[in-house]
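Novice: My questions all concern the structure below.
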Amino acid sequence: MAIPSLRRFWLPTVLGGVFLWGLSSAWDLSPFHAVVPLPLSPIAFLVFLATLGLLTRTIRRAEDETSTLNQTIGHNLEDLQSAAEAYGRFVPGQFLRHLNRDSIAQVRLGDQVERTMTVFFSDIRNFTTISEKMTPQENFGFLNNYLGHIGPVIREHFGFIDKYIGDSVMALFDGPVDEALAAAVAVQLATAGYNAGLDPGQDALTIGIGMHSGPLMLGIIGEKDRMESTVIADAVNLASRIESLTKHYDCRILVTRSTFEAQMEPQPYLTRPVDLVRVKGKTASVELLEILNDQFDPRAPVKNDLAAHLAEAMMVYRRGDFFGARSLFQSLAYKDPQDVLYGIYRRRIEEYIRLGVPAGWDGTTVFDVK
């Protein structure tokens, strides 16, 4: 806060001083001086002016020092703001808010909170093959360019990226499932836009997305000299496994039926059933749905046209009528021989007819590997 300048008072002060000096001199010559002497003398006035000069110089020096201090404080505030923004790139602000912390400086080892969220995993297909053609520097440039298309889309739908795992992205959505589903479609569309801008000869990207909702724990783990934010839950592990199954079933977006049906304002997404699965480390089965969209999957229209027939074939399959199911899946494969899903069921059915089903089989496919 700057001290008000007294420079503008110099002229009135000097004129006032001259006036008082003249008054004092006139009074000294008057006959009333002996009765009521004025205390102001020329010497006192000179002392007054000298004191005023010293005071003014002191104020000027204080003003300069205050200006310097204001500049220093301003620079420090800018540095603090820059530091907060930098930390926010490593630990999302949404994460801190869930922990009821205003800044990274307030975070303590062991901070944790339970929330229900939708967990989103995405992964670039065949990234190893793509990366082998590039230098390390080109790899980093490629990934950062791609992720620069994805991050803003997730934030637009009120999600936040928890971590990058190589070419994979893990994001969390603490709002309605609707936003997470919309984000998944938007990320696929953003990837299609990214591919459209590639130079001839560059590899187009295909990504798989897996999603599941459930309770989870957000918190800080590590030790006193090295901490990081993390999320721990079955929902996280399951969403990760579902993303890996997008390669197996050749799908762009897989989501559990429970998550899909939790929409607050259901949107007219095109979907088809994929499988009833139990992944490694889990005891409960979940049903998987594929979200279809011809803007990022050119085969979506034919998949949608046969979705009702697929649902019928899967129902017969889960009843254990493998001969009836084999006939239905053969018909589907004849209509669309490119669909990987029909071939998976046909091979599985032939194995069950030849070897029988595992004990306690209920139509669930068990994946024993991650």
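Novice: Given Cα pairs under 8 Å that are at least 6 residues apart, what percent is the relative contact order of region 292-370? Please report the intermediate quantities before stating the final value.
Specialist: Working: 45 pairs, mean separation 19.6, N = 79.
Dividing the mean separation by the residue count of region 292-370 yields 25 percent.
Novice: From the backbone phi of region 227-240, what are the Karplus-calculated ³J(HN,Hα) couplings (6.51 cos²θ - 1.76 cosθ + 1.60, θ = phi - 60°) in whole Hz, Gly and Pro given as x?
Specialist: Result, rounded to whole Hz: 10, 8, 7, 7, 10, 10, 4, 4, 4, 5, 4, 5, 4, 5.
Novice: Explain nothing, just the number: dipole magnitude of region 115-267 about its Cα centre with +1 on each Lys and Arg Cβ and -1 on each Asp and Glu Cβ, in debye rounded to the nearest 20. Present the calculation step by step, with values, prior to reporting the outcome.
Specialist: Working: 11 positive and 19 negative charges, 35 e Å.
Dipole about the Cα centre, nearest 20: 160 debye.
Novice: Please list 244-251, 193-200 highest first by mean number of surrounding beta-carbon atoms within 10 Å per residue. Could you put the intermediate results ahead of the total?
Specialist: On the way: 244-251: 19.0, 193-200: 10.0.
Taking the mean over residues of other Cβ atoms within 10 Å, the ranking is 244-251, 193-200.
Novice: What is the fewest-to-most order of Glu179, Glu350 by other Cβ atoms lying within 10 Å of their Cβ? Mind dumping the intermediate values first?
Specialist: Working: Glu179 20, Glu350 12.
Ranking Glu179, Glu350 by Cβ neighbours within 10 Å, fewest first, gives Glu350, Glu179.
Novice: Within 10 Å, count the other beta carbons around each residue, average over each peptide in 224-232, 210-218, and list them highest first.
Specialist: Values: 224-232: 12.7, 210-218: 20.8.
Packing order, densest peptide first, comes out as 210-218, 224-232.
Novice: So what does the Cα-only Debye profile of region 292-370 read at q = 0.13, 0.27 Å⁻¹, as log10 I(q)/I(0), no solvent term?
Specialist: -0.44, -1.29
Novice: So how do Ile59, Ile165 line up by other beta-carbon neighbours within 10 Å, fewest first? Intermediate results must be reported in sequence, preceding the final value.
Specialist: Numbers: Ile59 15, Ile165 11.
Going from sparsest to densest Cβ surroundings: Ile165, Ile59.
Novice: Gain in length, Gln295 to Arg257, computed as 0.36 nm per residue apart minus the alpha-carbon separation, to one decimal in nm? Let's see the in-between values first.
Specialist: Details: separation 38, 0.36 × 38 = 13.68 nm, distance 2.25 nm.
Separation in residues times 0.36 nm, less the Cα-Cα distance, equals 11.4 nm.
Novice: Next up: Once amide H atoms are placed 1.01 Å from N in the peptide plane, what residues at a sequence separation of 5 or more from Lys282, or on another chain, have their amide H within under 5 Å of its amide H?
Specialist: Close amide H contacts, sequence-distant or interchain: none at all.
Novice: Further, regarding this structure: Exposure proxy check: Lys280, Lys163 ranked by fewest other beta carbons within 10 Å?
Specialist: On the way: Lys280 11, Lys163 15.
By the 10 Å Cβ count, ascending, the order reads Lys280, Lys163.
Novice: To continue, here is another question. Place the peptides 324-336, 298-310 in order of packing, highest mean first, counting for every residue the other Cβ atoms within 10 Å and averaging per peptide.
Specialist: Working: 324-336: 16.8, 298-310: 15.2.
Packing order, densest peptide first, comes out as 324-336, 298-310.
Novice: In nm, to one decimal, how far is the Arg354 label point from the Gln267 one, both placed 7 Å along Cα→Cβ?
Specialist: Simple spin-label model gives 4.4 nm for this pair.
Novice: Can you tell me how region 274-319 classifies by the Cα gyration tensor, rounded, prolate or oblate, using a/c under 1.5 as the rounded cut?
Specialist: Working: a/c = 4.47, a/b = 1.52, b/c = 2.95.
Oblate.
Novice: Moving on to the next point. Would you please classify the overall shape of region 115-267 from the alpha carbon gyration tensor, given that a ≥ b ≥ c denote the square roots of the eigenvalues, rounded means a/c under 1.5, and beyond that prolate means a/b larger than b/c while oblate covers the rest?
Specialist: In terms of gyration-tensor shape, oblate.
Since every read-out is calculated from the coordinates, none of them should be taken as a lab result. Everything quoted here is computed from the prediction, not taken from an experiment. Here the Cβ is made from the backbone with ideal geometry for all residues, glycine too, and neighbour counts use every protein chain on show.
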